[in-house]
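Okay, so here's the structure we're looking at.
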Amino acid sequence: MGHKEPLSERFDNTPKGIASLLQWLAKLAKPAAISACLEQTGHYSIAISKALHQHGLHALFLVNPRRIKAFGNQKLRRNKSDTADARL
């Protein structure tokens with residue numbers, strides 16, 4: 001059983017925010033059933049990517065922000081925001 005549309009939510013990039021993210025994920029499914037994607041944003045993405053990896057997700061993708069922007073341009077996306085990037 002999977003979702004047809006990606007799910008997204010906002011969390012602060014702090015230890016408390018990361019803990020909230022892991023709690024939110026635990027309500028959705030077992031870690032082995034979850035794939036996550038996030039922008040690789042230097043030191044800002046280190047703590048969250050480590051926490052997600054240690055959580056035992058099925059897959060974790062760290063994507064260069066330029067690739068997301070290029071893909072959005074290819075799809076003729078007109079707006080740029082974190083929410084729009086997450087959906088893309």
Report summary line: Matching residues in segment 1-58 (among the aromatic types (Phe, Trp, Tyr) and over 25 Å from Lys69 (Cα atoms)) number 1
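Quick grid of which residues meet (1) in a helix (DSSP H, G or I); (2) open to solvent by 100 Å² or more (accessible area, probe 1.4 Å); (3) more than 22 Å from Glu5 (Cβ to Cβ); (4) touching a helix residue (DSSP H, G or I) at 6+ places or on another chain (Cβ under 7 Å):
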residue: Ala19; (1), (2), (3), (4): yes, no, yes, no
residue: Ala26; (1), (2), (3), (4): yes, no, no, no
residue: Ala32; (1), (2), (3), (4): yes, no, no, no
residue: Tyr44; (1), (2), (3), (4): yes, yes, yes, no
residue: Ser49; (1), (2), (3), (4): yes, no, yes, no
residue: Gln54; (1), (2), (3), (4): yes, yes, yes, no
residue: Leu57; (1), (2), (3), (4): no, no, no, yes
residue: Arg67; (1), (2), (3), (4): yes, yes, no, no
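The values are calculated or read from the model by the stated rules, or taken from the named source; none is laboratory data. Keep in mind it's a predicted model, so treat the numbers as computed, not measured. Note that we place each Cβ from the backbone using ideal geometry, even for glycine, and neighbour counts take in every protein chain shown. Areas reflect the complete protein model, heavy atoms only, side chains present, ligands, DNA and RNA absent. Shrake-Rupley method; radii C 1.70, N 1.55, O 1.52, S 1.80 Å.
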